[in-house]
Amino acid sequence: MNQEVQKKRGMSKGCLIALIVVGVLVLLLVIAGITCYLKKDELAKYGAVTLVNSIKAELNNTPVEGVDTVKVNAVADAFVNELNEKELDYDKYKRLIQTVQGIMSDKKVDSAEAEEFVRAMTEYFPELEELAPMEPIDDSATVDDSILVE
């Protein structure tokens, strides 16, 4: 009978230890959730900066014809600075992240995606328009001066 009591005590100690471990894990999860909620702006900014820098790196590592990487990098750097300094606008942020994730989905950036990337950043911060690469001028619509109409 003494052995049965010792077995029950041993089992109850094991259950108690398991309950304590589970309780500690639940507490850690709650603390992590609260921390993430309180730091959601910083986490969102970090995610956006990471995506912007990955597109910059892709453009720098694999130059694309017709893309002025110096100007794209200037817009991206200014965007990161503005994003870190200002409060997050979640409506604009959602659109930006969807655009940037779409660009990075195939791990390659072409000239149309580079233009879309710059447009997404300038839509978030319109003051960056002055840094944006200029659109090429279409010379096909000019009038030939050598033809005179009487």
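Please treat every number below as a calculation from the coordinates, not as lab data. What you are looking at is a predicted structure, and each value in this text was computed from that prediction instead of being measured. We place every Cβ from the backbone using ideal geometry, glycine too, and count neighbours over all the protein chains shown.
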Limiting things to C-alpha atoms, what are the Rg and the maximum Cα-Cα separation (Dmax) for segment 44-118, in angstroms? 11.8, 35
Loop-located trypsin sites (Lys or Arg not before Pro) in segment 17-100 whose Cβ has at most 16 other Cβ within 10 Å (DSSP): 39, 86
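Tally Lys and Arg at +1 and Asp and Glu at -1 over the other residues with C-beta under 14 Å from the C-beta of residue 63: what net charge comes out? Each step should come with its number before you reach the end.
Numbers: positive: 56, 71, 108; negative: 58, 65, 68, 110, 113.
Net local charge, residue 63 excluded: -2.
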For segment 40-131 the mean separation of alpha carbon contacts under 8 Å (6+ apart) over residue count, i.e. relative contact order in percent, is 38 percent
22 Å Cα-Cα threshold exceeded, pairs from 45/86; 39/107; 86/108; 86/107: 39/107; 86/108; 86/107
